[in-house]
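See below for the structure under consideration.
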Amino acid sequence: MEKPRYSRLVLKISGEALAGNQGFGLQHDMLVSVASQVAEIRDMGVEVCLVVGGGNIWRGIAGSAQGMDRATADYMGMLATVMNALALQDALEKTGTVTRVLSAIEMRQVAEPYIRRRAIRHMEKGRIVIFAAGTGNPYFSTDTTAALRAAEIEADVILMAKKVDGVYDSDPMKNPQAKKFDRLSYLDVLSKGLGVMDSTATSLCMDNNIPVIVFDLTTPGNIRKVLMGEAIGTYVGRDSE
């Protein structure tokens with residue numbers, strides 16, 4: 001059996017991806033698809049943790065644009081990520097996979113508090129760890145959470161699961177002529193403003209040499225394909241060569 005390229009990874013799932021074709025909320029079929037794919041790679045012996053966004057329910061920056069206090073809007077967004085994390089936990093446990101939700105905002109009735117060593121221990125025991133509530137701080141995105149947690153747990157890679165099949169020079173939904181990149185450097189992402197992840201997250205990945213692979217979550221089997229090193233999506237690393 002071919003060996004996976006990565007042994008410990010952070011899978012960043014956007015809230016929008018969980019909404020599927022609905023555009024908002026949670027689509028059951030997408031939850032089931034994600035859960036089955038994550039369970040599959042866990043059964044291959046890979047240590048997996050998930051960071052989930054909340055844009056399918058609430059976006060803090062959107063609330064701020066409407067006049068809401070930015071910190072308050074961001075805290076609401078963190079709570080949205082907890083809802084998504086619990087939904088993913090339920091879907092994963094229906095596959096027979098033991099899962100733990102660790103929240104950066106303490107809420108003991110529904111999740112464990114985030115403790116780095118506890119998270120690592122859970123993964124070593126074969127449990128899927130879902131990081132919820134972002135970093136616990138306003139003004140930081142869940143992209144930054146993914147980069148921070150990946151650095152803390154010494155992950156080999158961040159898999160950025162989105163609704164598009166990679167990084168383009170413009171929005172492929174609006175521009176049919178948009179060019180897809182196969183490989184990019186961190187500096188390319190920062191200098192061209194490509195929107196792979198925000199600049200704070202990109203800089204954190206660059207400083208800690210954590211590669212990022214952006215791929216399409218809506219195609220079943222893609223998580224395994226990325227894990228096995230197939231050339232799908234866009235690879236972002238130390239250089240683009």
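Condition test on Ser14, is it surrounded by fewer than 17 Cβ atoms within 10 Å (Cβ to Cβ), touching a residue at least 12 places away in the same chain (Cβ under 8 Å) and not hydrophobic (A, V, I, L, M, F, W, C)? Full working, then the answer.
Details: surrounded by fewer than 17 Cβ atoms within 10 Å (Cβ to Cβ): no; touching a residue at least 12 places away in the same chain (Cβ under 8 Å): yes; not hydrophobic (A, V, I, L, M, F, W, C): yes.
When the stated conditions are applied, Ser14 does not pass them.
Does Val167 count as in contact with a Pro (Cβ under 9 Å, 6 or more places away or on another chain), more than 24 Å from Val82 (Cβ to Cβ) and surrounded by 19 or more Cβ atoms within 10 Å (Cβ to Cβ)?
Numbers: in contact with a Pro (Cβ under 9 Å, 6 or more places away or on another chain): no; more than 24 Å from Val82 (Cβ to Cβ): yes; surrounded by 19 or more Cβ atoms within 10 Å (Cβ to Cβ): yes.
No.
Which members of region 95-110 meet the condition of being among the polar types (S, T, N, Q), surrounded by 20 or more Cβ atoms within 10 Å (Cβ to Cβ) and closer than 20 Å to Met76 by Cβ?
Taking region 95-110 as the starting set, the residues that turn out to be among the polar types (S, T, N, Q) are 95, 97, 99, 103, 109.
Those still in the list that are surrounded by 20 or more Cβ atoms within 10 Å (Cβ to Cβ) too: 97, 99, 103.
Selection gives Ser103 alone.
How many of the residues in region 153-166 are at pLDDT 90 or above, more than 14 Å from Thr202 (Cα to Cα) and outside any loop (DSSP other than H, G, I, E, B)?
Residues flagged as at pLDDT 90 or above, more than 14 Å from Thr202 (Cα to Cα) and outside any loop (DSSP other than H, G, I, E, B) within region 153-166 amount to 2.
Say we look at region 200-241 and pick out the residues that are under 23 Å from Met173 (Cβ atoms) and of a type in the set (Ser, Thr, Tyr); which of these is modelled with the lowest pLDDT?
Looking at residues that are under 23 Å from Met173 (Cβ atoms) and of a type in the set (Ser, Thr, Tyr), I get Thr218.
Are any residues in region 85-131 under 17 Å from Val10 (Cβ atoms), in a helix (DSSP H, G or I) and in contact with a Leu (Cβ under 6 Å, 6 or more places away or on another chain), and if so, which ones?
The answer is Ala119, and nothing else.
Return the residues of region 172-215 that are hydroxyl-bearing (Ser, Thr, Tyr) and closer than 16 Å to Leu159 by Cα; say none if nothing qualifies.
Answer for region 172-215, where residues must be hydroxyl-bearing (Ser, Thr, Tyr) and closer than 16 Å to Leu159 by Cα: Ser185, Tyr186, Thr202.
Which ones in region 194-207 are over 18 Å from Ser14 (Cβ atoms) and buried (at least 22 other Cβ atoms within 10 Å of the Cβ)?
none
For residues in region 208-241 being part of a helix (DSSP H, G or I) and touching a residue at least 40 places away in the same chain (Cβ under 8 Å), which is surrounded by the fewest Cβ atoms within 10 Å (Cβ to Cβ)?
Across region 208-241, the extreme among qualifying residues is Asn208.
The values are calculated or read from the model by the stated rules, or taken from the named source; none is laboratory data. Since the model is a prediction, treat every value here as computed from it, not as a measurement. For neighbour counting, all protein chains shown are included, and Cβ atoms are generated from backbone atoms with ideal geometry for every residue, glycine included.
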